[in-house]
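Structure incoming, see below.
Since every read-out is calculated from the coordinates, none of them should be taken as a lab result. Keep in mind that this is a model prediction, so the values were computed, not measured. So basically every Cβ, Gly included, is an ideal-geometry build from the backbone, and we count neighbours across all protein chains shown.
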Amino acid sequence: MMCAPSVPIVDFASFVLQWYCRFMFLQGGAGDDTLTSTLGSYFLKFIFVLIFTTVTIAIVSTEPVVKANTRVMDALDWTEGAAVIVFTLEYLARLYASPEDPSVRERQTRCSGTALCGLAFGGATGARTLFVFSFFSFVDLLAIVPW
């Protein structure tokens, strides 16, 4: 299945796939697998701001003056918790839609030439497996899991 607006939304999984496709791919024209969507670029900027915010919170929360103020610490904890929820939802959406990600498809195509690799990483489940074992997926998991 390609990322296309014509794919019917029949369940939650197809809704997530459409959300990912519309935000991240194919907004520049049919067959264009680049991040050209205006909404997608705003979403990525939002994620970068959220990453910067959580790093800033981690630094600020180590200060003794901030630690002593329970109201500030509560606000920082709530903000960090909300960011982790957003990061988790975004990771799960990318995991589900990974079979449509051009970089995962390209890795899957390169891998399909060998028998063992074709069995292990074929189809949607294989694409998701390739995504989970990618470097940036590990980085994302390291950011989410400890919280």
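If I model a spin label as a point 7 Å beyond the Cα along the Cα-Cβ vector, how far apart are those points for Glu63 and Tyr42 in nm?
Rounded to a tenth, the inter-label distance reads 3.2 nm.
State, to one decimal in nm, how far the label point of Val86 lies from the label point of Phe135, with both points 7 Å from Cα in the Cβ direction.
So the two model labels end up 2.6 nm from each other.
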